[in-house]
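S.K.: Can you keep this structure in mind? I'll have questions shortly.
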Amino acid sequence: MNTRGMKGLLASAAVAVLAWTAPAGAAVELRMMWYSDGNEGEVVRDLLNRFEQQNPDIKIIVDNVAYKAILESLPVQLAAGQGPDIARVTDLGGLSKYYLDLTPYLMDPEYWRASFGPYLQWYRQSGDTKGIYGIQNQLTMTGPFINKTLFDQAGVAIPGAKATWDDWATATVAVAKKLNIPYPIAMDRSGHRFAGTAISMGAKFLNEKGEPAVVDEGFKAMASRIKKWHDDGTMGKELWGGVSGSAYRGANEEFANAQVVMYMSGSWQISQFAKQIGDAFDWVAVPQPCGPAACTGMPGGAGTVALKQTKHPKEVAKVMEYLASEPVITEFSARTLILPAHLGVVKKGVDFKTDLRLAKDALSVFTGHISNLSPVASALQGYPYNRVIFNAVISRLGQAVVGELTLDDAYARITQDIEAQMAEQQRNKK
């Protein structure tokens, strides 16, 4: 071989060696799918930037998506064996079969049990009592906000602490009629949001064996009100009727634009309202409306979970340990105006970073909702297949609202849908 050929061969070999050895020093790249109600995405990115500075061998790409993508696109990706390494989710039990058990990779599993104990079960499949799969870094409560400014302008008294849903309907309609407001009451098109109101009316959702038994008299009492309110204009058909199936539809934009007197949503809206509304009008969290059984909302929130198809479980666990640490949880809660689920942080309290009195007052009201939570609501949130119930309920009630089904037909379809989905869940487990 001539000298020129030998040089070419050596050059090629050198390139091959470089190509082979370069990845060894490269950072492991992890993808996190994330949605935000307010400024959570900005805050978590800032926190992860610090992590990357301390751990240059790990890089986290945060894919910010709409909440709808978390509900609809992420499950499809995971079922196909794809998806991110880490995700922020709300269907904690429904996606549990895709979670990575972090326990073997954690430096101190007992820290997690002590810090998140009551919430760890929300992430586990039926029969699992030990796995650690995610961080409950947002505790939420459903509940209503009102536009107090509209009440004041209309000269209508705000119902008191033990007021019923019927009391609130009467008051909000009076305000809307006097001021020509399009929506006296708006409620997120969500089975989860509806559930708390139905539990107040006496709905149980689960039988004594912990199995779905959804349509009872308490459930019908609230469902019939929802139908009536849509028919008489207390609620606007444009909201629930604007989408179909189990699709989510919020009314935060309408509320922020002073088109809604009372908005049934939840504590996760506080950060967004503080930024979007500020003090343009008095948006106020009020006590849970009552039914004959309770005055309750539904607990919930978002969890950051590790996903088992990841190729880098050790690195994922390291990121999760950082996000679960007490200082990070405290800062995340303070900057996002989110109720923490970390027991140690709750005990010490959080200095929420806002000068807006409305936001601080709302956080105080929602913190009080936690102590009044119905055990039925807590049990339903911990049920691994609650998303099956929520989706069936909102899909069929949505059809009843727009006149595609009678209420009786909707009740029958809800039961049929849940039975079919539960049978499918059992088949998938085999």
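S.K.: How do 372-384, 121-133, 288-300 rank on mean C-beta neighbours within 10 Å, highest first?
M.R.: Per-residue Cβ counts within 10 Å, averaged per peptide and sorted highest first, yield 288-300, 372-384, 121-133.
S.K.: For the chain, take the longest principal axis of its alpha carbons; what is the angle in degrees between that and the long axis of helix 313-324, to the nearest 10 within 0 to 90?
M.R.: So the inclination is approximately 40 degrees.
S.K.: Using only Cα atoms and rounding to the nearest 10 degrees, what angle (0 to 90) does helix 407-429 make with the longest principal axis of the chain?
M.R.: Orientation of helix 407-429: about 20 degrees from the principal axis.
S.K.: So, one more: I want the local charge near THR149. Using Cβ-Cβ distances under 12 Å, sum +1 for each Lys or Arg and -1 for each Asp or Glu among the other residues.
M.R.: My count for the surroundings of THR149 gives -2.
S.K.: Calculate the dipole size of the range 282-382 relative to its Cα centre from +1 charges on Lys and Arg beta carbons and -1 charges on Asp and Glu beta carbons; express the result in debye to the nearest 20.
M.R.: Numbers: 10 positive and 8 negative charges, 69 e Å.
The dipole magnitude comes to about 340 debye.
S.K.: For the range 321-430, which GluC sites (Glu not before Pro) pass both filters: DSSP loop (anything but H, G, I, E, B) and at most 16 other C-beta atoms within 10 Å? Display every interim value, and only then the final one.
M.R.: Details: sites: GLU321, GLU331, GLU404, GLU419, GLU424; in loops: GLU404.
Counting only loop positions with at most 16 other Cβ atoms within 10 Å, the GluC sites (Glu not before Pro) in the range 321-430 are GLU404.
S.K.: Got a sec? Charge dipole of the chain, +1 on Cβ for Lys and Arg, -1 for Asp and Glu; which of SER73, GLY210, ALA154 is way out at the positive end?
M.R.: SER73
S.K.: Determine which lysines satisfy two conditions relative to LYS178: a Cα distance under 23 Å, and not lying fewer than 8 residues away in the same chain.
M.R.: LYS148, LYS228, LYS237
S.K.: Suppose we look only past 23 Å in the calculated P(r) of the range 179-315. What percent of the Cα-Cα pairs does that tail hold?
M.R.: Of all Cα-Cα distances in the range 179-315, 45 percent exceed 23 Å.
S.K.: With a ≥ b ≥ c taken as the square roots of the eigenvalues of the C-alpha gyration tensor of the range 232-307, please select rounded if a/c is under 1.5 and otherwise prolate if a/b is larger than b/c or oblate if it is not?
M.R.: Since a/c stays below 1.5, the shape of the range 232-307 is classed as rounded.
S.K.: Still on this structure, please answer the following. Using a Förster distance of 30 Å, how high is the FRET efficiency between LYS347 and ASP46, based on the Cβ-Cβ distance and rounded to 0.05?
M.R.: For R0 = 30 Å, the calculated efficiency reads 0.75.
S.K.: Can you give the Rg to Rh ratio for the range 205-266, taking only C-alpha atoms and Rh from Kirkwood?
M.R.: On the Cα set of the range 205-266, Rg over Rh gives 1.06.
S.K.: Rounded, prolate or oblate: which fits the range 33-128, taking a ≥ b ≥ c as square roots of the Cα gyration tensor eigenvalues, rounded meaning a/c under 1.5, else prolate when a/b beats b/c?
M.R.: Taking the square roots of the gyration eigenvalues as a ≥ b ≥ c, the range 33-128 is oblate.
S.K.: Please report the net charge: other residues with Cβ closer than 13 Å to the Cβ of ASP108, K and R +1, D and E -1.
M.R.: -1
S.K.: A further question on this structure: Before rounding to the nearest 500, sum -39500 (n - 2.57) across all DSSP H runs of length at least 4 in the chain and divide by the residue total; then give [θ] at 222 nm in deg cm²/dmol.
M.R.: For the chain, the value works out to -15500 deg cm²/dmol.
S.K.: Excluding residues fewer than 8 places away in the same chain, name every one of the lysines whose C-alpha is closer than 19 Å to that of LYS59.
M.R.: Once the sequence-local lysines are set aside, what remains near LYS59 is LYS308, LYS311, LYS314, LYS318.
S.K.: Taking each pair of distinct Cα atoms in the chain once, what is the resulting Kirkwood hydrodynamic radius in Å?
M.R.: Across the chain, the inverse of the average 1/r is 23.2 Å.
S.K.: May I ask for the distance between the Cα centers of the range 136-153 and the range 355-408, given as a whole number of Å?
M.R.: After rounding, the separation between the Cα centres reads 13 Å.
S.K.: Under 12 Å from the Cβ of ALA302, count the other residues' Cβ atoms, weight Lys and Arg +1, Asp and Glu -1, and hand me the total.
M.R.: Once positives and negatives cancel, what remains is -2.
Bear in mind these aren't lab numbers, they're just calculated from the coordinates by the rules spelled out. Here the structure is a predicted model, which is why all the values come from computation and not from measurement. Cβ sites come from the backbone with ideal geometry, for glycine too, and all protein chains shown count toward neighbours.
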